[in-house]
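Worksheet: the structure to be examined is printed underneath.
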Amino acid sequence: MLLLLLALACSDRKEFTDEDKAAAVARTCYDALYSNHPQLFLDGRLHADQMPDSYRQQLLENYRQHVERVDREHQGVSNLQVTRAISDSTLHVIQVFLLLNYGDGTKEEIVVPMVEHQGKWLMK
């Protein structure tokens, strides 16, 4: 989350939209995941603090295995980009679109639903 604060502090803009904030948090979480910090990624999920420890450990292991597979099959993630963030008032979420650029040259766009919970943006 430190990256989010730095990004927001270094910007020339005075005010940030909810889309800007949600996109910055989504990118920060995925940067953490692909930088081998699965705990930071998990902490960015809604209600992560309420999960039983055994479930948290299973998720962390799944995240580690996912990153290992991406490293093995695609030579890791070389770059992440936010392509857009769209507010969905019906679902009360902001859909953040991230473009994953893999080390082998392939690309994949993913959608990360973000929700505001107690003043913080979290992955749904």
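Just so you know, all these numbers are worked out from the coordinates, no wet-lab data involved. Only a predicted model underlies this, so the values are computations on that prediction, with no experimental measurement involved. For neighbour counting, all protein chains shown are included, and Cβ atoms are generated from backbone atoms with ideal geometry for every residue, glycine included.
For the chain, relative contact order (Cα pairs under 8 Å, six or more residues apart, normalised by length) works out to 24 percent. Packing order of peptides 99-109, 41-51, 19-29, highest average first: 19-29, 41-51, 99-109 (average count of other Cβ atoms within 10 Å over each peptide's residues). Of the three principal axes defined by the Cα atoms of the chain, the extents in descending order read 41, 38, 29 Å.
Taking square-rooted eigenvalues a ≥ b ≥ c of the alpha carbon gyration tensor, is region 55-115 rounded, prolate or oblate, where a/c under 1.5 means rounded and, failing that, a/b exceeding b/c means prolate? Cα axes put region 55-115 in the oblate bin. Using the Cβ-Cβ distance between residue 72 and residue 124 with R0 = 30 Å, the FRET efficiency computed as 1/(1 + (r/R0)^6) comes to roughly 0.60. In this simple spin-label approximation, residue 18 and residue 65 carry label points 7 Å from Cα along the Cα→Cβ vector, and these lie 3.6 nm apart.
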